[in-house]
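Step one of this worksheet: look at the structure below.
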Amino acid sequence: MWFDRLLAGVLDTLLMVGVSSLIALLAGIPLAVILVTSGKGGIFEAPTLNRVLGAFVNLFRSIPFLILMVALIPFTRLIVGTTYGVWAAVVPLTIAATPFFARIAEVSLREVDHGLIEAAQAMGCRRWHIVWHVLLPEALPGIVGGFTITLVTMINSSAMAGAIGAGGLGDIAYRYGYQRFDSQIMLTVIVMLVVLVALIQLGGDRLAKGLNKR
Amino acid sequence: MSAVSARVAQEQQPPFAPLQQARQRALHPELGNAHVRFIGLGKTYPGQQTPALAGIDLNIQRGEIFGIIGRSGAGKSSLIRTINRLEQPSSGRVLIDQVDIGEYDEDRLVRLRRRIGMIFQHFNLMSAKTVWQNVELPLKVAGVPRELRQRKVTELLELVGLQEKHQIYPAQLSGGQKQRVGIARALVHDPEILLCDEATSALDPETTESILGLLRDINRRLGLTIVLITHEMAVIRDICQRVVVLERGRIVEQGAVWQVFGDPQHEVSKTLLAPLQPALPAALQARLQPQPPSPEAALVLNVRVSGKDKQAPELSSLFALLGGQISLLQGGIEPIQGRALGQLVVSVANSPHSHEQVIERARQWAAQVEVLGYVV
């Protein structure tokens with residue numbers, strides 16, 4: 001029975017983190033590309049858009065996850081119809097993770113040598129070609145590394161979401177470990193989280209290393 | 001190469017307009033065969049007082065290797081980048097084949113840039129792509145079909161001698177090999193102009209020589225116009241036909257390479273040329289005196305051979321003019337564009353003529369004679 005409950009907790013955590021990180025990945029990369037290319041001297045220079053988007057990202061990045069989660073409750077209800085359970089946690093997790101990941105991806109994209117962009121322009125690349133054939137492939141190892149960090153941060157956040165009723169490992173640790181003083185459960189959850197984070201970090205590092213041809 | 005090139009040209013570029021060009025040439029004979037023409041070109045970067053380029057008027061002929069030299073910050077990079085509009089001029093015009101490229105939109109600019117290859121000091125190869133993918137990229141973004149790309153890339157890698165390395169990533173190549181990939185990538189669209197931005201400045205002398213040899217070979221075989229910028233006079237000497245010297249965004253000297261080398265007019269040209277001139281041996285330098293200690297002292301002259309006439313300098317006439325005992329202390333002649341250029345440092349002793357007469361007579365033989373001093 002304990003095993004079942006822990007297994008369910010792991011699956012819930014993976015589901016929460018998996019779904020929201022997938023959305024963060026799909027939304028964060030375009031966001032990062034826009035942030036980089038719309039900046040001053042960028043290939044799609046648009047200073048106003050850049051400033052507005054940057055301010056928006058900073059706004060969400062500066063709100064602590066616990067507060068963001070509570071503040072988003074009406075929005076969450078609007079989107080998924082409930083404020084309880086795994087799917088309700090996906091909404092604030094995604095909204096917290098997207099700007100976080102976008103900023104990290106932005107740094108990697110910004111580090112792409114300007115000379116490469118110049119070379120691409122000189123060979124007759126259109127601006128979209130530069131994004132697709134130069135910026136993204138060259139920044140990919142850094143983006144993978146950034147996504148690994150995002151995943152680990154989200155496991156962290158998902159545990160917090162668990163505490164206010166989202167399920168997952170955080171929920172188990174809070175209810176059984178903290179409220180019932182069951183240190184064995186607490187320890188088991190901690191070990192599982194450590195293993196999970198270690199696996200993600202290892203996988204991410206390997207992938208980033210394999211992609212880096214420099 | 002020609003069959004493939006013709007197809008690429010057909011598919012990627014608007015029809016060639018030789019008729020229109022011929023008409024232009026008839027209307028403006030003064031332009032001759034100008035391939036790239038700058039008219040009153042100026043560039044001032046925002047927030048800067050002094051212009052990076054000012055009042056540049058220049059014609060670059062079709063098929064020549066044209067050098068732009070200057071100290072760092074002289075405006076070379078800005079100037080070469082206005083040819084493919086990586087740099088937008090603030091004033092004046094750039095004409096390529098008599099067509100003003102100033103108002104081109106992205107579409108026309110992209111097509112223009114496919115007619116102009118460019119190589120860079122730091123190579124600027126995509127680190128995440130193999131050698132093959134790097135060379136293929138310009139074709140890929142132009143929508144060239146796979147088969148044609150395959151043939152073209154193979155052909156270019158063969159030209160630069162890297163066919164064995166096509167699956168390797170740039171990080172595993174040497175500097176010279178990287179620049180060869182850069183050259184292959186720049187030539188893959190069969191451009192009419194190749195821009196070289198300090199292309200050999202990051203390479204050792206031996207590799208520089210082989211890259212320059214390759215450029216010379218390409219110029220000869222493909223007949224393309226090469227515009228190169230460098231701060232090394234030796235590069236200009238080795239492959240250019242004509243050169244301009246830039247200083248603070250202005251042209252201070254221009255002409256055939258042998259002229260500028262043989263008889264530099266501007267201070268900057270002289271400074272840039274200085275490293276190529278052998279320094280006087282220290283032992284001689286120590287013995288030189290500015291005033292003759294006695295009438296019998298030997299006069300030391302630097303006689304410059306500026307290549308005005310194409311023959312090798314005829315020394316017996318010089319000796320006959322000077323008279324006395326003539327010793328060669330230092331000197332040498334090297335051929336530049338088929339002309340003999342160099343300098344002879346000689347001492348003249350026991351001449352029947354006075355020191356003043358000797359100097360006068362030396363000037364009959366060579367345009368530039370410098371009195372270095374006197375030795376006993």
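Just so you know, all these numbers are worked out from the coordinates, no wet-lab data involved. Being a predicted model, the structure only gives us computed values, none of them experimental. Ideal geometry is used to build each Cβ from the backbone, glycine not excepted, and the neighbour counts take in all protein chains shown.
Can you list the trypsin sites (Lys or Arg not before Pro) in segment B:68-145 that are in a DSSP coil and have 16 or fewer other beta carbons within 10 angstrom? Passing both the DSSP loop test and the Cβ count: B:Arg71.
Please go through segment B:313-376 and write out the GluC sites (Glu not before Pro) that DSSP classes as loop and that have at most 14 other C-beta atoms within 10 Å. Before the final figure, lay out the partial values.
Working: sites: B:Glu314, B:Glu356, B:Glu360, B:Glu370; in loops: B:Glu314.
Of the GluC sites (Glu not before Pro), the ones in loops of segment B:313-376 whose Cβ has at most 14 other Cβ atoms within 10 Å are B:Glu314.
Given a Förster radius of 30 Å and the C-beta distance between B:Asp100 and B:Tyr45 as r, what FRET efficiency does 1/(1 + (r/R0)^6) yield to the nearest 0.05? Once the sixth-power term is evaluated, E becomes 0.85.
Using the C-alpha gyration tensor of the protein assembly as shown, what are the square roots of 5 times its eigenvalues, in whole angstrom, with the largest one first? Walk me through the intermediate numbers first.
Values: eigenvalues 909, 162, 95 Å².
Ellipsoid half-lengths, sorted descending, are 67, 28, 22 Å.
Only lysine pairs 8 or more places apart or on separate chains count here, and in segment B:2-274 those with Cα atoms under 15 Å apart total 6.
Taking 1 over the mean of 1/r across every pair of different Cα atoms in segment B:2-274, what Kirkwood radius in Å do you get? Kindly include the intermediate steps, with their values, before the conclusion.
Details: mean 1/r = 0.0516 Å⁻¹.
It works out to 19.4 Å.
Taking each pair of different alpha-carbon atoms in segment B:281-365 once, compute 1/r for the pair, average those values, and report the inverse of that mean as the Kirkwood hydrodynamic radius in Å to one decimal. Walk me through the intermediate numbers first.
Numbers: mean 1/r = 0.0728 Å⁻¹.
In segment B:281-365 this quantity evaluates to 13.7 Å.
Taking label points 7 Å from Cα along the Cα-to-Cβ direction, A:Gln179 and A:Ile73 give a separation of 1.6 nm. Two tests apply to each whole DSSP H helix in chain A, Cα reach of 24 Å or more along its axis and mean Kyte-Doolittle hydropathy of at least 1.0, and the ones passing both are A:2-37, A:86-110, A:136-161, A:183-211.
What FRET efficiency comes out for the pair B:Ala286/B:Ala320, r = Cβ-Cβ distance, R0 = 45 Å, nearest 0.05? Write down the numbers at each step before the final one.
On the way: r = 31 Å, r/R0 = 0.70.
Efficiency for this residue pair is about 0.90.
Ordered from longest to shortest, the equivalent ellipsoid semi-axes for segment A:1-132 are 36, 18, 11 Å, each the square root of 5 times a Cα gyration tensor eigenvalue. The C-alpha atoms of segment A:10-82 occupy a region whose extents along the principal axes are 45, 24, 21 Å, arranged from largest to smallest.
Between 0 and 90 degrees, the angle of helix B:2-12 with respect to the longest Cα principal axis of chain B falls at about 60 degrees. Eigenvalues of the alpha-carbon gyration tensor of segment A:66-214, scaled by 5 and square-rooted, set the equivalent ellipsoid semi-axes at 39, 20, 9 angstrom, largest first.
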